[in-house]
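Here the structure is laid out as structure tokens; the discussion comes afterwards.
No value in this document is a laboratory result; all are computed from the given coordinates. Predicted model, so just to flag it, every value in this text is computed and none were measured. Here the Cβ is made from the backbone with ideal geometry for all residues, glycine too, and neighbour counts use every protein chain on show.
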Amino acid sequence: MKNSETLTLLDIFQEQPGQYLSGEEISKRLSISRTAVWKQINKLREAGYEFEAVSRLGYRLLEKPLPLDSAWISAHAEGRSFGKTIELLNTTTSTQEDARRLAEAGAPEGTVVLAEEQTGGRGRMGKKFFSPFGKGIWMSILLRPKQPLHLTQQLTLLTGVAVRRAILKTTGVEAGIKWPNDLLIDGKKICGILLESATEDDMVRYCIAGIGISVNLKEEDYPEELRSIATSLRIVNGQNVDRNELICSILNEMETLYELYNEQGFESIAALWESASVTMNREVSVHSPRGILTGTAAGLHSSGALLVRNADGELVPVFSGDIRIESANETR
């Protein structure tokens, strides 16, 4: 047993697993106030620990978070490059910026940046991305494709297919893909993907595929404004998901599809994307700085753009914009 000078709140709970400990008992052992005990409990909750609080009994530790383990992920990544180099951060502003730094320093393709928490995570069109500590997968993967800039949209779609396949394989949960970069379950967002590129003479120097997945969040973890439009794997299937296992599966699927893409082109990726899409054959409106386009999502352009059939029967390629699925009244 540790002496009182080094004893922590977690030590006390681990000494008596499954037991209720009163706030008074804890405060005496740690020589702190009961208010300080309550603050420490809440701080641990934010870090992914789960406590039950019962009047007259006190607190009981129910669940400890499983931290990210870069060594385990690297050892279990089946490919030749994806996940073999990993930078794991406790907290960061954005894994995209960290991956960009590594890319400029010459990091190899397949390098991964992982973080337990992002304080400035971002999505498409400058939107903020909610990335709390210890409950999601916040990562960026460095790609060094040899292709012109206008084809990078294809890699966004490839990433969506890979993540969907990994989620299904790891958890049995089936998500749908909404063009261009969201994964949805029952109309609620569970994953966002952001692909950013650095170019030179209209050729891609490197791309960074940012992936954010809500894994073990509970409904109360979300801000009020997100609860009606976002969900997590835990909410959907009722149990915690091993994030290390899911990350490993994503890397394996990414490398498999990326090799297929480099060998055979976009056509096979497009077919996989269309079979998993919740956008195809739906009435949509596309909101962009150029205005609003309405019609039916009819397929993918060879570049990865969404083809929308307008009222005149013309197929219009959409390269960017907010997609609203009118029949489902969705805006993500």
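Residue 203 to residue 84: FRET efficiency via 1/(1 + (r/R0)^6), r the Cβ-Cβ distance, R0 25 Å, to the nearest 0.05?
Given R0 = 25 Å and the Cβ-Cβ separation, E is 0.45.
Do any trypsin sites (Lys or Arg not before Pro) in the stretch 179-228 lie in a loop, going by DSSP, with at most 16 other beta-carbon atoms within 10 Å of their beta carbon, and if so which?
Passing both the DSSP loop test and the Cβ count: 218, 227.
Taking loop as defined by DSSP and a crowding limit of 12 other beta carbons within 10 Å, which trypsin sites (Lys or Arg not before Pro) in the stretch 50-114 fit?
Those satisfying the criteria are 56, 80.
Report the equivalent ellipsoid semi-axes for the stretch 272-332 in whole Å, largest first, defined as the square roots of five times the eigenvalues of the gyration tensor built from alpha carbon atoms.
Here the semi-axes work out to 15, 14, 12 Å.
Give me log10 I(q)/I(0) at q = 0.21, 0.26 Å⁻¹ for the stretch 9-63, Debye formula, one equal scatterer per alpha-carbon, no solvent.
Each listed q maps to, in turn, -0.71, -1.14.
In whole Å, largest first, what are the principal axis extents of the Cα atoms in the chain?
75, 45, 33
Which residue, chosen from 30, 136, 113, occupies the Cα position most advanced towards the positive end of the dipole of the chain, where the dipole is computed from +1 (Lys, Arg) and -1 (Asp, Glu) charges on Cβ about the Cα centre?
The one lying farthest along the dipole's positive direction is 30.
Counting each pair of different Cα atoms once, what's the Kirkwood radius of the stretch 196-320 in Å, rounded to one decimal?
In the stretch 196-320 this quantity evaluates to 17.9 Å.
Counting only complete DSSP H runs, which helices of the chain cover 24 Å or more along their long axis at the Cα atoms and score a mean Kyte-Doolittle of -1.0 or above?
153-171, 243-264
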